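Each reported figure results from applying straightforward, stated rules to the coordinates on display, with no laboratory input. All values derive from a computational prediction rather than experimental measurement. Here the Cβ positions follow ideal geometry from the backbone for every residue, glycine too, while neighbour counts run over all protein chains shown.
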Amino acid sequence: MTETDETNEHCYDGITEYDNPLPGWWSAIFALSVAFAPIYLIYYHGTGGGMSVYEEYDSESARVFTLRFKELGDLTPDRDTLLRFKDDPQWLAVGRAVFKANCVSCHGPDGGGMVGPNLTDDHWKNVTNIEDIAKVIENGAANGAMPAWRHRLSHINQIVLTAAYVASLRGTTSSAGKAPEGTEIPPWPPRDAPAE
Ligand code: HEC
């Protein structure tokens, strides 16, 4: 790059400027970043499927936990099991990852409800006992408006841990917060309560 002492034709209030164009490498980087921006935007913030570091962490830890399912054996979706895992932050991470991957499109990022009902309040349409949550997830509801996940989630433990995660959302505050639907049900029982 050679600088010139030539001024260009513009003259404003007696002020002129030297006629030195931007260096080629600078313009090239600028043009490249402009071209790259939409790709990045679509990949990470649009429909491209790119994951943020948090999502990558969640999906990696879910993968690790899936490998660790052997430790758990095959869980049964009964009351004791759901109550136990509802308070187990380590295993709830699996349920949270399943929820983030499959459920937020209809139930909102924090379970506040969108197409599907709010899962954080005390009103439920298809659930009277905590174990009903697992049944709804397995079999779906409202003729498939809520899809059945029995065949889509590969392992029964995913259903159980997702149900436990959904149960744990109750009472949390959600940003969306769809109006309550269904009937108000009593709180989840304490862990060692006798079955009704
Ligand atoms: C295609 C949209 C859609 C997706 C995806 C979806 N749901 Fe639903 N879900 C619904 C709808 C709609 C209902 C309400 C059904 C009804 O009206 O009885 C529902 C109901 C439920 C209920 C019962 C709520 C109640 O008040 O009885 C639970 C629990 C639930 N969904 C959990 C999940 C979980 C967990 C996932 C992910 C594995 C999921 N849903 C994915 C649409 C969806």
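On full extension, the segment bounded by F30 and S105 gains 23.4 nm, given 0.36 nm per residue less the C-alpha separation. Suppose R0 equals 35 Å. What FRET efficiency, 1/(1 + (r/R0)^6) with r the Cβ-Cβ distance, do D88 and L41 give to the nearest 0.05? The formula returns an efficiency of 0.40 here.
Rounded to the nearest 10 degrees, the inclination of helix 89-102 to the longest alpha-carbon principal axis of the chain is 70 degrees. One quarter of the convex hull surface built on the alpha carbon atoms of the chain amounts to 19.1 nm², the projected area averaged over directions. Relative to the Cα centre, the charge distribution of the stretch 53-184, modelled as +1 at Lys and Arg Cβ and -1 at Asp and Glu Cβ, gives a dipole magnitude of about 260 debye. Peptides 46-53, 71-78, 132-139 ranked from most to least packed, by the mean per-residue count of other Cβ atoms within 10 Å: 132-139, 71-78, 46-53.
Principal-axis analysis of the Cα atoms of the chain puts helix 24-40 at an angle of about 20° to the longest axis.
Packing-based ranking of 102-112, 17-27 yields 102-112, 17-27, ordered from highest to lowest mean Cβ neighbour count within 10 Å. Find the lysine pairs in the chain meeting two conditions, Cα atoms under 19 Å apart and a separation of 8 or more places or different chains, and report how many there are. Final tally of qualifying lysine pairs is 5. Per the Debye calculation on the stretch 1-43 with a single equal scatterer at every Cα and no solvent contribution, log₁₀ I(q)/I(0) for q = 0.17, 0.22, 0.29 Å⁻¹ amounts to -0.64, -0.76, -0.95. Residue farthest toward the positive end of the dipole of the chain, with Cβ of Lys/Arg at +1 and Asp/Glu at -1: which of L22, G113, T81? Of L22, G113, T81, it is T81.
The long axis of helix 156-169 is offset from the longest Cα principal axis of the chain by roughly 80 degrees.
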